[in-house]
1. How fast does the chain diffuse by Stokes-Einstein, in µm²/s, taking the Kirkwood radius from C-alpha pairs at 37 °C and 0.692 mPa s?
2. Under a point spin-label approximation (7 Å from Cα along Cα-to-Cβ), what is the A29-D51 distance to one decimal in nm?
3. Quick one: 3J(HN,Hα) in Hz for the range 48-65, Karplus 6.51/-1.76/1.60 with θ = phi - 60°, rounded, Gly and Pro as x.
4. State whether the range 1-43 is rounded, prolate or oblate according to the following rule on the C-alpha gyration tensor (a ≥ b ≥ c being the square roots of its eigenvalues): a/c under 1.5 gives rounded; otherwise a/b larger than b/c gives prolate, and the remaining case gives oblate.
5. Quick one: pull the percent of accessible area on the chain belonging to carbon and sulfur, 1.4 Å probe, ligands and nucleic acids left out.
Amino acid sequence: MTWHIEVDQHACMGAGLCNGNLPERFRLAGGKAVPVEDRIEPDEDVLDAADYCPYRAIDVTDLTTGDSLVAVD
């Protein structure tokens, strides 16, 4: 199974929570978060980062099914 990480650059305001908690998965570029790698093996910490993003800018998709793995409020 492989996941795809995407950060909506219009929604991201560069709070840095994802980068601060998971620098191996996210970095800041131009004041916005970007994934270090856009395809990863399943990692629950990435789902937590998506859930804690105050702007809901992070989406994680299961590439096998095409389903988003991020909870929608």
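The values are calculated or read from the model by the stated rules, or taken from the named source; none is laboratory data. These figures come from a predicted structure and were not determined experimentally. Backbone-built Cβ (ideal geometry, glycine too); neighbour counts: all protein chains shown. Ligands, DNA and RNA are stripped out before the accessible areas are found, and what is left, the full protein with its side chains, is counted by its heavy atoms. Shrake-Rupley method; radii C 1.70, N 1.55, O 1.52, S 1.80 Å.
1. In µm²/s, the coefficient is 274.
2. Taking the simple label geometry, A29 and D51 are separated by 2.8 nm.
3. Computed from phi, the couplings for the range 48-65 are 4, 4, 5, 5, 8, 5, x, 10, 6, 8, 9, 10, 10, 10, 7, 5, 6, 9 Hz.
4. Prolate.
5. On the way: 2180 of 4450 Å².
Result for the chain: 49 percent of the exposed heavy-atom area is carbon or sulfur.
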